[in-house]
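Undergrad: Below is one structure. I have some questions about it.
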Amino acid sequence: MKTVSRRRALTLASSLVAAPLLNSIDSLAQPGTPATVFDIANFTAASPDHDAAFAKAVAAISEAAAEANKAGRPAPHIVLNLDRNAIYRIKRPIILKQLSSIEVHGNGAQLINTARASTLQISDASHVTIRDLTIDYDPLPFTQGTIASFDGAAREIIVKVDPGYPDDPALLATITDGFFKVMDRRTRTLKPGARDFLSPSRVERVNDGVIKVHLQWGANDRFPSQLPITVGDVVAITNSSGDAISVTGSVSTTLLDLKLLASPGMGIVEDAGAGGTRLQKVSVVPGPRPKGATTDRLVSTNADGSHFATVEHGATIEDCTFSNTSDDAVNVHGFYYYVIQKAGPGRYLFSPKWDVGLMAGDEIETCEHGTFRSLGRTRITQLTKRKAPELKAKIAPLWKNKSPSTQPDLVYDVVLQHDLPLKTGDAVTSLSRIGAGTAIRGCSFHACGRVLVKSPNSVVEACQFSYSCGVALQAGSDIGFWSESGFAENLTIRNNHFTHSITGANALSANSDTLGAINIGMSVPDGANGFQNNFQNRNITIEGNRIDDSYIYAIFVSNADGVRITGNVIGQTFIRGSTFDAGQRYGVHPDSAILIGRSKNAQISGNTVARGRVTKVPVAVDRTCEMGSVHVENNKLT
């Protein structure tokens, strides 16, 4: 191991005007190559400004790597050591760009972000490791408190802010959307029967520790399964801005023993690139009580705990803990690109939601508008991009009732290896950039949104799920609103334990298309009722799981070809004692713990189910299934 002296470190830092970067992010240190070690103490000694110290340290690392590259030597393994258990207060992100084989060893240190913005940005990098580090925010990027009063329409809510939590104008000015959640302090979860979320339009400060929240719709504009808000209810109020940790266009990023205690947006985000990220013993959980507080934090991240979009290889997430993420704990997906028009034989114009995730050489899957069945698979041989303002009138209708495109006049001009019968409104997704091979093992998820796995060849096993506000574990296409792909394929869900899944009221509403603690299906546009005419979820195994005290079905599967549901032990389901309006979208009346709809080649056997006020049979098979290929046997009702 080669340790860079303080003199050498300062010389490298001071000599840099614009730090050279590695020419190749894929050149790694050869086995046995000694590590080059930088100590952050050599940079903080010269200045108490921690932002400046980290910027100089990263510049010195970039210079050392560039020197090795210029000399034709193997890229060194470089380690940046932080001081043991130190606290660094920063207001600018630490940026690791175009670096290879870099390790930041936290040694138990904390990064305290004082700007409610991004903390760590990794881009165009290879084999970056972050270990033994804690990230937190001061001031916090969210607030919480107790409802003191509200108007007749329950759109203007007076909240007494919990002592120690922020009510400063800078924070309140950022809350123009996001979440207003009614919580249970004892379990630090969404209050059972509460709406999954309400959205503020603005928040104003009334007095010290008192704020007025203006909602986008009335909190008591209720559907049957939703309980009303009351004075004394506890609420958490968030809005999404910068993500704490972002990874872009990178390969083999590793986070080890990292603790993320707050985030102004998503916690860990990765998009584009080869992927292959590993999270091991990572905790995304609420931090300690702030100074002067008498109540625990109700929030960890203001949006998703982790999010992986359009990466080639999925993440491996092992022995991690996620708690109180304001939205999904994990989401792995690609995007749909909608056909504007056919431009020639095998040539089409596509509209993207984001300018990412589809490239020449990609294998693609198609999705027919209306039935959502596949029209075939092929490869993209050519892809060019251009602005086409003359096509905006044709592009806009493709995104009606969906999360809108961020690229309203961008066109992908695509040539396919084999022509397919695509028409305007049909969709395609890349199978090459969809997080294939995602593995989630031995993790704990408490009071989060969903774990969403829309990637092929994936596994979720030996995990604990408790008090999920919505569906606990979901797979399958969301072509309805978010345009997130794809269908589940070669997915295994094994030996997990679920308890108190779907505390929120939304899944029990008439329009809900997600009905199970484990939910395999698809989310379709409003108005597309009933089970859709496709079998696009393929080769699904759900075995050996324990599912207790679900507010809805334990297992719901639809639109599948090749299903195996075996050896699951299911306790009480529909624990509120009513189905309310659940199932109306599909024309079903729940009376079972397991429901399968519009599927074929299914084996449902050896499952044990508790009898309940709603649950009278273990398994229900909807008439839309191909009955001759669905085998139900040896399931017990206890």
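The values are calculated or read from the model by the stated rules, or taken from the named source; none is laboratory data. Just so we're clear, the structure is a prediction, and the values are computed from it rather than from any experiment. Note that each Cβ is placed from the backbone with ideal geometry, even for glycine, and that neighbours are counted across all protein chains shown. Surface accessibility is based on the protein's heavy atoms, side chains included, excluding ligands, DNA and RNA. Shrake-Rupley method; radii C 1.70, N 1.55, O 1.52, S 1.80 Å.
Undergrad: Among what's in the stretch 233-261 and is over 22 Å from ASP296 (Cα atoms) and hydroxyl-bearing (Ser, Thr, Tyr), pick the residue that is surrounded by the most Cβ atoms within 10 Å (Cβ to Cβ).
TA: SER250
Undergrad: Can you go through PHE465, PHE445, PHE487 and tell me which one is assigned to a loop (DSSP other than H, G, I, E, B) and touching a residue at least 24 places away in the same chain (Cβ under 8 Å)?
TA: PHE487
Undergrad: Taking the stretch 551-588 as the region of interest, how many residues are touching a strand residue (DSSP E or B) at 6+ places or on another chain (Cβ under 9 Å) and more than 22 Å from PHE498 (Cα to Cα)?
TA: Matching residues across the stretch 551-588 total 6.
Undergrad: What's the number of the only condition in (1) open to solvent by 50 Å² or more (accessible area, probe 1.4 Å); (2) part of a loop (DSSP other than H, G, I, E, B) that VAL206 fails to meet?
TA: (2)
Undergrad: Pull out all pairs, ordered by first then second residue, where Cβ-Cβ is under 6 Å, the residues are six or more apart or on different chains, the first lies in the stretch 374-403 and is under 22 Å from PRO345 (Cα atoms) and open to solvent by 100 Å² or more (accessible area, probe 1.4 Å), and the second is among the hydroxyl-bearing types (Ser, Thr, Tyr) and assigned to a loop (DSSP other than H, G, I, E, B).
TA: Cβ pairs passing all conditions: none.
Undergrad: List the number of the failed condition for SER483; all other conditions in (1) at pLDDT 95 or above; (2) at negative phi; (3) in contact with a Lys or Arg (Cβ under 9 Å, 6 or more places away or on another chain); (4) open to solvent by less than 20 Å² (accessible area, probe 1.4 Å) hold.
TA: Only one criterion is unmet by SER483, namely (2).
Table: residues versus (1) within 20 Å of HIS333 (Cβ to Cβ); (2) free of Cβ contacts under 8 Å to residues at least 12 places away in the same chain; (3) acidic (Asp, Glu); (4) outside any strand (DSSP E or B).
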residue: SER501; (1), (2), (3), (4): no, no, no, yes
residue: GLY504; (1), (2), (3), (4): no, no, no, yes
residue: ALA517; (1), (2), (3), (4): no, no, no, no
residue: GLY527; (1), (2), (3), (4): no, yes, no, yes
residue: PHE531; (1), (2), (3), (4): no, no, no, yes
residue: ASN534; (1), (2), (3), (4): yes, no, no, yes
residue: THR541; (1), (2), (3), (4): no, no, no, no
residue: SER550; (1), (2), (3), (4): no, no, no, yes
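Undergrad: Condition first: outside any loop (DSSP other than H, G, I, E, B) and open to solvent by 70 Å² or more (accessible area, probe 1.4 Å). Now tell me which residues in the stretch 175-193 satisfy that.
TA: Result: no residue meets the conditions.
Undergrad: Follow-up. Among what's in the stretch 437-465 and is surrounded by 21 or more Cβ atoms within 10 Å (Cβ to Cβ) and small (Gly, Ala, Ser), pick the residue that is nearest to the chain's Cα centre (by Cα).
TA: Once the filter is applied, the top-ranked residue is GLY449.
Undergrad: Kindly indicate whether LYS342 is surrounded by fewer than 23 Cβ atoms within 10 Å (Cβ to Cβ) and assigned to a strand (DSSP E or B).
TA: Answer is yes for this residue.
Undergrad: Where the second residue is open to solvent by 30 Å² or more (accessible area, probe 1.4 Å) and assigned to a loop (DSSP other than H, G, I, E, B) and the first is over 18 Å from GLY267 (Cβ atoms) and of a type in the set (Val, Ile, Thr) and lies in the stretch 220-244, which pairs have Cβ atoms under 7 Å and are six or more apart or on separate chains?
TA: ILE229/ASN220; VAL234/ARG185
Undergrad: Evaluate the following for ARG598: is it in a helix (DSSP H, G or I) and among the charged types (D, E, K, R)?
TA: No: the conditions fail for ARG598.
Undergrad: Exactly one of these conditions fails for LYS212: (1) over 30 Å from THR134 (Cα atoms); (2) in a loop (DSSP other than H, G, I, E, B); (3) in contact (Cβ under 8 Å) with a residue 40 or more places away in the chain; (4) open to solvent by 50 Å² or more (accessible area, probe 1.4 Å). Give me its number.
TA: Every condition holds for LYS212 apart from (2).
Undergrad: A further question on this structure: Quick one: count up the residues across the stretch 42-94 that are more than 20 Å from ASN113 (Cβ to Cβ) and either hydroxyl-bearing (Ser, Thr, Tyr) or out of contact with any strand residue (DSSP E or B) (no Cβ under 8 Å at 6 or more places or on another chain) (or both).
TA: So the count comes out to 15.
Undergrad: Can you go through LEU431, LEU349, LEU358 and tell me which one is modelled with pLDDT of 95 or more, open to solvent by less than 70 Å² (accessible area, probe 1.4 Å) and over 24 Å from the mean Cα position of the chain (by Cα)?
TA: Within the list LEU431, LEU349, LEU358, the selection yields LEU349.
Undergrad: If you don't mind, there's one more thing I want to ask. Please enumerate the residues belonging to the stretch 111-133 that are open to solvent by 20 Å² or more (accessible area, probe 1.4 Å) and of a type in the set (Ser, Thr, Tyr).
TA: Correct list: THR114, SER123, THR129.
Undergrad: State whether one or more residues within the stretch 155-171 are open to solvent by 20 Å² or more (accessible area, probe 1.4 Å) and within 26 Å of the chain's Cα centre (by Cα).
TA: No, the stretch 155-171 contains no residue that is open to solvent by 20 Å² or more (accessible area, probe 1.4 Å) and within 26 Å of the chain's Cα centre (by Cα).
Undergrad: Here's another thing I want to ask about it. Filter the stretch 134-154 down to the residues that are in contact with a Lys or Arg (Cβ under 8 Å, 6 or more places away or on another chain) and among the polar types (S, T, N, Q), then identify the one that is surrounded by the most Cβ atoms within 10 Å (Cβ to Cβ).
TA: GLN144
Undergrad: Which numbered condition in (1) acidic (Asp, Glu); (2) touching a helix residue (DSSP H, G or I) at 6+ places or on another chain (Cβ under 7 Å); (3) over 25 Å from ARG222 (Cβ atoms) is the only one that ASP581 fails?
TA: Failed condition: (3).
Undergrad: Can you tell me which residue is nearest to GLY108 (Cα to Cα) among those in the stretch 243-291 that are of a type in the set (D, E, K, R) and within 13 Å of the chain's Cα centre (by Cα)?
TA: Top of the filtered list is ASP243.
Undergrad: Moving to a separate point now. Does GLY425 satisfy being more than 19 Å from the chain's Cα centre (by Cα) and open to solvent by less than 40 Å² (accessible area, probe 1.4 Å)?
TA: Yes: the conditions hold for GLY425.
Undergrad: Separate question: List, please: which pairs have Cβ atoms under 7 Å, are six or more places apart or on different chains, and start with a residue in the stretch 583-607 that is farther than 16 Å from THR541 by Cα and end with one that is open to solvent by 10 Å² or more (accessible area, probe 1.4 Å) and assigned to a strand (DSSP E or B)?
TA: Pairs that qualify, where the first residue is farther than 16 Å from THR541 by Cα and the partner is open to solvent by 10 Å² or more (accessible area, probe 1.4 Å) and assigned to a strand (DSSP E or B), are ASP591/VAL617; ASP591/ALA620; SER592/VAL617; SER592/PRO618; SER592/VAL619; SER592/ALA620; ALA593/PRO618.
Undergrad: Turning to a different aspect of this structure: Can you tell me how many residues in the stretch 402-420 are within 26 Å of the chain's Cα centre (by Cα) and β-branched (Val, Ile, Thr)?
TA: Selection size over the stretch 402-420: 1.
Undergrad: May I ask you to list pairs of residues, at least six apart or on different chains, whose Cβ atoms are under 6 Å apart, with the first in the stretch 247-267 being at positive phi and of a type outside the set (Gly, Ala, Ser) and the second being open to solvent by 20 Å² or more (accessible area, probe 1.4 Å) and not in a loop (DSSP other than H, G, I, E, B)?
TA: ASP257/ARG131; ASP257/ASP132
Undergrad: Taking the condition of being surrounded by 19 or more Cβ atoms within 10 Å (Cβ to Cβ) and over 17 Å from the mean Cα position of the chain (by Cα), how many residues in the stretch 292-319 meet it?
TA: The qualifying residues number 2.
Undergrad: Can ILE340 be described as at negative phi and touching a helix residue (DSSP H, G or I) at 6+ places or on another chain (Cβ under 8 Å)?
TA: Against the criterion (at negative phi and touching a helix residue (DSSP H, G or I) at 6+ places or on another chain (Cβ under 8 Å)), ILE340 qualifies.
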